[in-house]
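The values are calculated or read from the model by the stated rules, or taken from the named source; none is laboratory data. What you see is a predicted model, and the numbers here were worked out from it, not measured in a lab. Heads up, the Cβs are rebuilt from the backbone with ideal geometry, glycines too, and the neighbour counts pull from every protein chain shown.
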Amino acid sequence: MANFKKHNTGWEYRLKYKDPFTDKFREKSGKGFRTKKEAEDAAADMKKKLEEKSEQGDISLSFFLDEWLNEYKKGNVRKNTLNLHEYNIEKHIKPHFKKMTLQKLKPLMYQKFINKLSESKGRGDKVYSRRTVELIHSTMHDALEKAVTLGKLDKNPCEGVTIRGIKKSDKVKFIESEHIPEFLANAKKYGYIYWFFFMFMLETGMRKGEVGALQWPDIDLKNGLATVSKTLDYDLPENPDDLFGDTKTFNSKRTIKISNTLLAALRHHLNVQNQNKITLGEIYRHDLNLIMCRTDGSPIPKSSLFNSFSRIIKRAGLPPLPIHSLRHTHAVLQLEAGAEMKYVQERLGHGSIQITSDIYAHISKKIEMNNMEKYESFTENLFR
C-alpha cells in the first residue's frame with residue numbers, strides 16, 4: 001500500500017512491502033515529483049518491480065543474490081572477495097539464469113550452466129579455466145547454502161556438481177637461483193623502488209599486497225623481524241582508512257625473521273625516505289608511513305608494479321612470469337638451502353604443512369639432487 005504526501009520540494013510516495021528474503025516489512029520511497037499523478041505512477045512502477053522479484057512467493061534468484069551480498073557478505077569479507085562475488089554474479093550468473101526463481105533452480109539446470117562455462121559450443125563461445133569455473137561455483141554454492149540455512153530451499157542444487165573446465169598447468173613458476181642476480185641487476189637499472197620491492201619479495205616470500213601494506217612500525221630493525229598484519233588495496237581508495245584490508249587468511253598474519261642483507265637495505269631506504277620527507281615537507285604522505293611507496297610517500301600503483309616487473313623480466317632474458325613467482329622463488333630458495341617444510345609453511349603463512357608440501361615438494365631439480373646426494377653420502381659405506 002502506498003501513501004502520498006506533498007512537500008515544498010514536490011510529492012513523495014512511501015510504499016510498504018513484505019521483503020521475501022527476510023519475511024519482514026520494509027519501505028520504499030521516492031520524492032521530488034511535480035504532481036501527485038507522477039508520484040502515483042512512480043509508486044506503481046516500484047510495486048511492479050518488487051512483484052517481479054517475488055513471483056507467487058518464490059524469490060527470484062537475481063534478487064536473492066543481491067540480498068545475500070548486501071546482508072551477509074558486505075562488511076564481513078575482504079573487499080577483494082566481495083568484488084569477486086559481485087563480478088561472478090553480474091558477469092556470469094545473472095546473464096545465464098535471467099528471471100529464474102530460486103525454488104525453480106534444479107541440479108541439472110545448474111550442471112548445464114557449469115558445463116556451458118567449461119565447454120565451447122561453437123565459434124565465439126568463451127571457455128574458462130577450471131579455476132575460474134571453480135570460483136564462480138564457489139560464489140553460487142555459498143549463496144544457495146545460505147538459502148538452505150534460511151529455509152528458502154530444502155537442498156542446495158549446487159551440491160554434487162562436476163566441473164570439467166580446462167585445468168591450467170599445476171607447475172609452479174619461479175626464477176632459478178642462477179638467474180636471480182641478473183634479474184635484480186636489471187631491476188636496479190629500471191628503478192630503485194622497484195628493485196627494493198621485488199628484492200623484498202624474494203627475501204621474505206611475502207605477497208605483493210603484504211609488502212605494499214608494510215609500514216615502518218611493522219619492522220623491528222633491532223631484532224630483524226617483519227610483521228605481516230594487513231594487505232594493501234591496490235584499487236587505491238581515496239579514504240586512507242579503506243586502503244588496508246585483512247590478510248588473505250588468518251594464518252597469513254605472521255612475524256618472520258629477515259636477513260642481514262635486507263636489514264641493511266631497509267636502513268638505507270629509511271635514510272632515502274627521510275631525505276624525501278625533508279625535501280617535500282607537507283606534500284609528503286606522512287599519514288601513511290609506508291615503506292614501499294613513491295617519492296611522495298603515496299602507494300605504488302598496481303599497474304606500475306606489473307609493467308615494471310614484466311619489462312625487467314624481459315630485459316633479464318627470462319620467460320614471462322607473474323609477480324607472484326617471486327614468492328614461489330623464495331620458497332624454493334629456502335628448500336634448496338635445506339630449510340624444513342614446516343619452517344617454510346610458517347614463513348609463507350600457509351594454513352597447513354600439506355598445502356606447502358603439495359606446492360613445493362617436487363618442483364626443484366636441485367632439491368631432488370641434494371636429497372639424492374644426502375642419501376648416497378649416508379649409505380655409501382653401508383652398501384660396499
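How about region 273-307: which of its residues are touching a strand residue (DSSP E or B) at 6+ places or on another chain (Cβ under 8 Å), free of Cβ contacts under 8 Å to residues at least 60 places away in the same chain and not small (G, A, S)? Correct list: empty.
Listed by first and then second residue, the pairs with beta-carbon distance under 6 Å, at least 6 apart or on different chains, first residue in region 62-83 and under 14 Å from K248 (Cβ atoms), second among the small types (G, A, S) and surrounded by 16 or more Cβ atoms within 10 Å (Cβ to Cβ), are R78/G245; K79/G245. The residues of region 345-380 that are under 30 Å from F250 (Cβ atoms), part of a helix (DSSP H, G or I) and without any contact (Cβ under 8 Å) to a residue 40 or more places away in the chain, listed by number, are Q345, I353, Q354, I355, T356, S357, D358, I367.
For region 284-313, residues that are under 23 Å from the mean Cα position of the chain (by Cα) and among the β-branched types (V, I, T) total 2.
Quick check on Y194: is it more than 26 Å from the chain's Cα centre (by Cα) and in contact (Cβ under 8 Å) with a residue 40 or more places away in the chain? Considered against the rule, which asks whether it is more than 26 Å from the chain's Cα centre (by Cα) and in contact (Cβ under 8 Å) with a residue 40 or more places away in the chain, Y194 comes out as no. Within region 200-216, one or more residues are crowded, with 19+ Cβ neighbours inside 10 Å, within 19 Å of S298 (Cα to Cα) and more than 16 Å from the chain's Cα centre (by Cα).
Scan region 84-138 for residues that are out of contact with any helix residue (DSSP H, G or I) (no Cβ under 6 Å at 6 or more places or on another chain), at pLDDT below 90 and assigned to a loop (DSSP other than H, G, I, E, B) and the total you get is 10. Note on region 308-340: residues that are free of Cβ contacts under 8 Å to residues at least 60 places away in the same chain and buried (at least 18 other Cβ atoms within 10 Å of the Cβ) total 1.
Scanning region 237-263 for residues that are touching a Ser or Thr at 6+ places or on another chain (Cβ under 9 Å) and free of Cβ contacts under 8 Å to residues at least 40 places away in the same chain, we see that the one that is nearest to I300 (Cα to Cα) is F244. Hey, can you tell me all the residues within region 246-299 that are in a loop (DSSP other than H, G, I, E, B), surrounded by fewer than 18 Cβ atoms within 10 Å (Cβ to Cβ) and of a type in the set (S, T, N, Q)? Within region 246-299, T249, S259, N289, T295, S298 qualify.
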